[in-house]
Amino acid sequence: MSAVLKSSNGKMQINMQSCRTFAEIKDQLEEQLKTAGDFWLGGGVSIETGHKVLSSKQLEEIQTILSGHGLHLQTNDSEASTGFESSGHDPSLFEQLPYYEDTALICKSLRSGQKIFTEGNVVILGDVNPGAEVVAGGNILVMGSLRGMVHAGVFGDDAALVAAYRLSPTQLRIASHITRPPDGELIVVQCPELARIRGGKVCIEKLKI
Amino acid sequence: MKSRVLVVTSGKGGVGKTTTTANLGTALAMMGKKVVLLDTDIGLRNLDVVLGLENRIVFDIVDVVNAKCKLKQALIRDKRFEGLCLLPAAQTKDKSAVTPHQMKNLTNELRSDFDYILVDCPAGIEQGFRNAIAGADDAIVVATPEVSSVRDADRIIGLLEAAGLNKSRLIINRLRSKMVKRGDMMNIEDILDILSIDLLGVVPEDEVIVISTNRGEPAVMENASRAGAAYRRIARRVTGEEVPMFNLDDSNNILDRFKKLLKLAR
């Protein structure tokens, strides 16, 4: 594995491609700085993200690690280096998205009576049938039809969101909000949708990617 | 009025316990009674779906007995009838999540607020069945005119008697009078002969049941439904009213009735 922190042409760079997960990068960085002692003291560090995307919270975490060893994060002139622009995503959505360390990947459909609980995010590669339950501390993403009960942000995170390829849950909960589809109306939407809290209410909107 | 706890049971699965509970409960609520329906089929809950209340469930029977919520919080008020409530089963647990003792306490707690407490029993004779009958005053046994269903009903009646429930009453469900006439189906007398308990009512086979179950609206609300009418009569009998048995003749059209009258005149 290549080093996280590299020095080239008198410039120090954190290479995000060197590790697989953000947690690994943090650990590696911490270790490298510890062994280097005050060799790099007072220097500025830039970040090479490559194809990875960093959230503002992750940036902040790197900043605290660096400042703990007498270094500072050099803000690049172009936004592209932090990965926001280059990825072509709506930056506002990523700014609002709460950050969770762990994401569980479920590679099957959930049938009635089956229940998934995770403290972080959950991604389901399959359907969630009526009678199944998905409860997560973070965000919930269903790459199939969501017809069961989901509860995102179960520890009270209002910013958590639920997205599904087809969003038609029996009940949808975010933090302390409980919603259900209206009686008598059959709403058929043939596109991926996103549910999140806006202005104290759960709103369903088209998922724009 | 003293409140009654009635358990709807059958032994065999698929004979219409849940349909009977939903329709009988709704019919009693239509008569202005205060009714609560208890789904004890933990792990395979259906009663909420039949009543069209599935998306309102927040707490369930397991949460109530484990004191995770108050009983009033878990009760779901029906969207059509003021006096009708549902206490749903849990879907992600199993029958061992509740004990007969807890069920008895639960039904006793409900007595103060409701006239009728209908308990929807799961199929089988294991813990789910023992839970369901724990707090019951009386049992309603549902059977279809099939040898296997009647055999299971007989076993269930025996178990009910062993548990001290001696006044079980029978509902014969899904009767096809044309088949009975042809001699292809057990008739009411045959069934009563074997089971030797009081008949509470006979419900004819009716397509409306399938439609109403899928829609989440009990068939008793459909005036045109023959099964719905049968359930309304059964509800009146449950309240103690004397109601003559339904004419189960399939020939309900005016021409047939006219022919019958002519025959009588001759």
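The values are calculated or read from the model by the stated rules, or taken from the named source; none is laboratory data. Quantities reported herein were computed from a predicted structural model and do not represent experimental measurements. Note: ideal-geometry Cβ built from the backbone for every residue, glycine included; neighbour counts use all protein chains shown. Accessible surface areas use protein heavy atoms only, side chains included; no ligands, DNA or RNA. Shrake-Rupley method; radii C 1.70, N 1.55, O 1.52, S 1.80 Å.
What to note about this one:
- If only residues of the stretch B:5-33 that are outside any helix (DSSP H, G or I) and among the charged types (D, E, K, R) are counted, the one that is nearest to the other protein chains (Cβ to nearest Cβ) is B:LYS12.
- Residues that are within 14 Å of chain B (Cβ to nearest Cβ), open to solvent by 50 Å² or more (accessible area, probe 1.4 Å) and not in a loop (DSSP other than H, G, I, E, B) within the stretch A:164-204 comprise just one, A:ILE178.
- Taken together, the residues in the stretch A:147-163 that are away from chain B (no Cβ under 13 Å) and outside any loop (DSSP other than H, G, I, E, B) amount to 3.
- Positions within the stretch A:88-137 being among the aromatic types (Phe, Trp, Tyr) and at pLDDT below 90, in sequence order: A:PHE94, A:TYR99, A:TYR100
- B:ARG151 being more than 14 Å from chain A (Cβ to nearest Cβ) and open to solvent by 20 Å² or more (accessible area, probe 1.4 Å): yes
- Sub-7 Å Cβ pairs linking a first residue in the stretch B:50-76 that is at positive phi to a second residue that is part of a loop (DSSP other than H, G, I, E, B) and crowded, with 18+ Cβ neighbours inside 10 Å, at least 6 apart or interchain, are B:GLY52/B:GLU217, ordered by first then second residue.
- Scan of the stretch A:123-146 for residues that are of a type outside the set (A, V, I, L, M, F, W, C) and within 17 Å of A:ASP157 (Cβ to Cβ), ordered by number: A:GLY137, A:GLY138, A:ASN139
- Residue in the stretch B:168-184 that is touching a residue at least 24 places away in the same chain (Cβ under 8 Å), among the basic types (Lys, Arg) and part of a loop (DSSP other than H, G, I, E, B) present: yes
- A:LEU161 vs. criteria open to solvent by less than 40 Å² (accessible area, probe 1.4 Å), modelled with pLDDT under 95 and of a type outside the set (Asp, Glu): yes
- Filtered residue count, the stretch B:90-108, keeping only those that are in contact with a helix residue (DSSP H, G or I) (Cβ under 8 Å, 6 or more places away or on another chain), in contact (Cβ under 8 Å) with a residue 60 or more places away in the chain and not hydrophobic (A, V, I, L, M, F, W, C): 0
- Among the residues of the stretch B:1-28, just one is open to solvent by 10 Å² or more (accessible area, probe 1.4 Å) and hydrophobic (A, V, I, L, M, F, W, C), namely B:MET1.
- Hits in the stretch A:27-61 (condition: out of contact with any Ser or Thr (no Cβ under 8 Å at 6 or more places or on another chain), crowded, with 17+ Cβ neighbours inside 10 Å and closer than 10 Å to A:VAL4 by Cβ): A:LEU29, A:LEU33
- Yes/no for B:VAL220 being surrounded by fewer than 20 Cβ atoms within 10 Å (Cβ to Cβ) and not polar (S, T, N, Q): no
- Count - residues of the stretch B:165-210 that are open to solvent by 50 Å² or more (accessible area, probe 1.4 Å) and among the small types (Gly, Ala, Ser): 2
- Residues of the stretch A:128-146 that turn out to be in a loop (DSSP other than H, G, I, E, B) and surrounded by fewer than 21 Cβ atoms within 10 Å (Cβ to Cβ), as a count: 2
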